1. List for the range B:3-37: residues with 40 Å² or greater reduction in accessible area, all protein chains versus chain alone, probe 1.4 Å?
2. Translational D (Stokes-Einstein, µm²/s) of the protein assembly as shown at 20 °C and 1.002 mPa s when Rh comes from the Kirkwood sum over C-alpha pairs?
3. Stretched out fully, how many nm does the piece from B:Asn90 to B:Phe232 gain, at 0.36 nm a residue minus the Cα gap?
4. Taking amide hydrogens as modeled 1.01 Å from N in the peptide plane, which residues meet the under 5 Å criterion relative to A:Val36, leaving out close sequence neighbours?
5. Once neighbouring chains are kept in place and the probe is 1.4 Å, which whole percent of the accessible area of the range B:1-146 is contributed by carbon and sulfur?
6. Take the Cα coordinates of the range B:62-193, assign each an equal point scatterer, and use the Debye formula without solvent to give log10 I(q)/I(0) at q = 0.20 Å⁻¹.
7. Give the relative contact order (percent, whole number) for chain B; include only Cα pairs under 8 Å separated by 6+ residues.
8. Starting from the Kirkwood radius over alpha-carbon pairs of chain A, derive D by Stokes-Einstein at 10 °C in a medium of 1.306 mPa s and give it in µm² s⁻¹.
Amino acid sequence: MLERDVIQTRGFRNIEEDGEVTGFQIRVRSDYYRGVWLSQLRPGKVVVDGHLYPKEEVTWEINGKDYTAAEMAQAGDVFWRITDAAVLKIKKPGGLAQGFHDVEVRFAASCSYMPPMFDSFDENGDSLSFNGGTYKKERMLIV
Amino acid sequence: MEKKIRRGVAIYSYSGEYGRSMDLEDCFRDMQDMGATGIEILANSHIDSYPELSDEYLEKWNRLCSTYGIEPAEYGHWIDTRLFRDRDMNLEEARKKLINDFRIAHSLGFRILRTKMGVIDEKLAPVENWREIIRSVLPEAEKYDVVMCPEIHLTTVLSDRFVSDYVDFIQETGTKNFGLNIDLSVFQNRFDVPGVVVYNPEQKHSEPEEIIPLLPYVKCIHAKFNKMDDEFNELTIPYKEVLEILIRHGWEGYLLSEYEGERKDEPGYVSQELRKHHIMMKRILGY
């Protein structure tokens, strides 16, 4: 089962490729009560210790496959289930340092059965969003 | 007395716990305690292989229904017309997803579908081409023996134009594969009860008797509840009046409890509220 917080403790770590640390990953569950097609997802910023990574720098792994924000916007046939976490990957040579980190992830989902104005989403800000928001978790540990 | 009205649960009610502190079997277990006999699932939430139907899920589903004595009552699905940021879903895309849902629903044993359409305004008026979309899949709905039911929900009221448009559509086409799901939120007349989530305190509501002319088309009812007291009264919706009308007019179908109040993510909280709600319904129904 998933953890109650959107940002999961399990799944937060650096990414190693061919013996080299190339970046880090954050695992999140959906905060919406139903799964969505990736084209309905509105990815936003990721902030780690005050540094903002815009959505263009974040790759989402869903169902074992990597998607950029632009690819997700066209993926009307790929589904993100609420019981499956997504892994957000960010390139950063050397990764995050050992120790505590404050993490924020922002995303939302478009909802066709609510008035269209509810779909507005400010991807790098923190305005209220109907089906989403900015999720924060402090003192996450990199081993 | 013939028990035409049956009690069930829309497991949307557990959405604050589902996948975290509850799984699908926990929902069935909880329902059995209340004597609920019908379940509404949301395809996009509760089928762990969606948009496919895996053999494993089908096997689990059949086992759960038979172990806990629960029948499929309603299958919730969506026509997500705003599928893309830059354009609406086209007719072919809508058809493909709808027919996929018909196929899955039929395999799981559902006949009644809650078909949630995309909307264009604050009154929740459906997309302008809803007739075209629905008409285009009527042959497949007949083939899979399913009835699509748009959900009439607050902020809509029963006298809104598009409710009569749905009835006109049924009469004009003569279809048996389109009906209505009434959510009892349309009768909510209290917006000042502490602990109730209120978006608009000036919200309009329908009177209980307004449901009477619609009853022949109502295939399922979402027994929405916001707040129960410890005397087993719902504090925002005139349940007794509405249920007595259903009994008097011989309406047949499921009342599916749907909790829309606070503290949904507190483990065990919704289960307790559902029990209160079912005591209330049992008392009013008399069985």
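The values are calculated or read from the model by the stated rules, or taken from the named source; none is laboratory data. These figures come from a predicted structure and were not determined experimentally. Cβ sites come from the backbone with ideal geometry, for glycine too, and all protein chains shown count toward neighbours. For the accessible areas, the whole protein counts, side chains as well, though only heavy atoms, and no ligand, DNA or RNA atoms are used. Shrake-Rupley method; radii C 1.70, N 1.55, O 1.52, S 1.80 Å.
1. Output list: B:Gly19, B:Arg20.
2. Details: Rh = 22.8 Å.
It diffuses with D of about 94 µm²/s by this estimate.
3. Working: separation 142, 0.36 × 142 = 51.12 nm, distance 4.68 nm.
Stretched out fully, the B:Asn90 to B:Phe232 stretch lengthens by 46.4 nm.
4. Distant-sequence amide H within range of A:Val36: A:Trp80.
5. On the way: 2720 of 5980 Å².
Here carbon and sulfur together make up 46 percent of the probe-accessible area.
6. Each listed q maps to, in turn, -1.21.
7. Working: 484 pairs, mean separation 60.7, N = 287.
21 percent.
8. On the way: Rh = 15.4 Å.
In µm²/s, the coefficient is 103.
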